[in-house]
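S.K.: Structure provided below as structure tokens; questions to follow.
The values are calculated or read from the model by the stated rules, or taken from the named source; none is laboratory data. A quick note: this is a predicted structure, and the numbers were derived from the prediction, not measured. Every residue, glycine among them, receives a Cβ derived from its backbone with ideal geometry; neighbour counts consider all protein chains shown.
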Amino acid sequence: MLPNRLLFLAVDLRAGHRRRDQQVRTSGFAFLIQTDAHNDRKYDIIPLLTDVAQAAVKEKVIRVILSTFRGLVTKAPAANLPAMLVAQLLPFVKNLSTRKWSDEDIVEDVQFLRDELSARFESLTCVVFTWGVGFDHTHPF
């Protein structure tokens, strides 16, 4: 079960209230600890955490959110990667990969997420058509 503290944070952020970095980091860490493969379907947390990460100033906040995303992808990629693509996480992760980070965990999480999201995106945008014997044509949409 998602901690009440994170639910209150989600309500405040959806309502447009700003929270201090410590509260965001603590709440994100609570979610990370209780990461469940199906929590996003129940709480729609991926778009919320993406918005928080994009607005974050502190590296610590980004680290906790990226670790949460990595946990979600590791535990249930089929359930969480599509939601991450819809939340526009791939362009954000690509942007993060161009920055210099003092924390190696961020670098590893960014690389992991970029690779996983790119692979999923590629699989969604390319399909192979077969016409007749020996003729294959790959057509990107």
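S.K.: Is it the case that Asp51 is at positive phi, at pLDDT below 90 and within 13 Å of the chain's Cα centre (by Cα)?
M.R.: Here the answer is no, as Asp51 does not meet what is asked.
S.K.: Next up: Answer yes or no: is there a residue in the range 16-38 that is out of contact with any Ser or Thr (no Cβ under 9 Å at 6 or more places or on another chain), modelled with pLDDT of 85 or more and surrounded by fewer than 18 Cβ atoms within 10 Å (Cβ to Cβ).
M.R.: no
S.K.: Something else now. Of the numbered conditions (1) farther than 21 Å from Leu48 by Cα; (2) modelled with pLDDT of 95 or more, Phe135 fails exactly one; give the number of that condition.
M.R.: Here Phe135 clears every test but (2).
S.K.: Any idea how many residues of the range 90-126 are outside any helix (DSSP H, G or I) and either loosely packed, with under 11 Cβ neighbours inside 10 Å or at pLDDT 90 or above (or both)?
M.R.: Going through the range 90-126 one residue at a time, the tally reaches 6.
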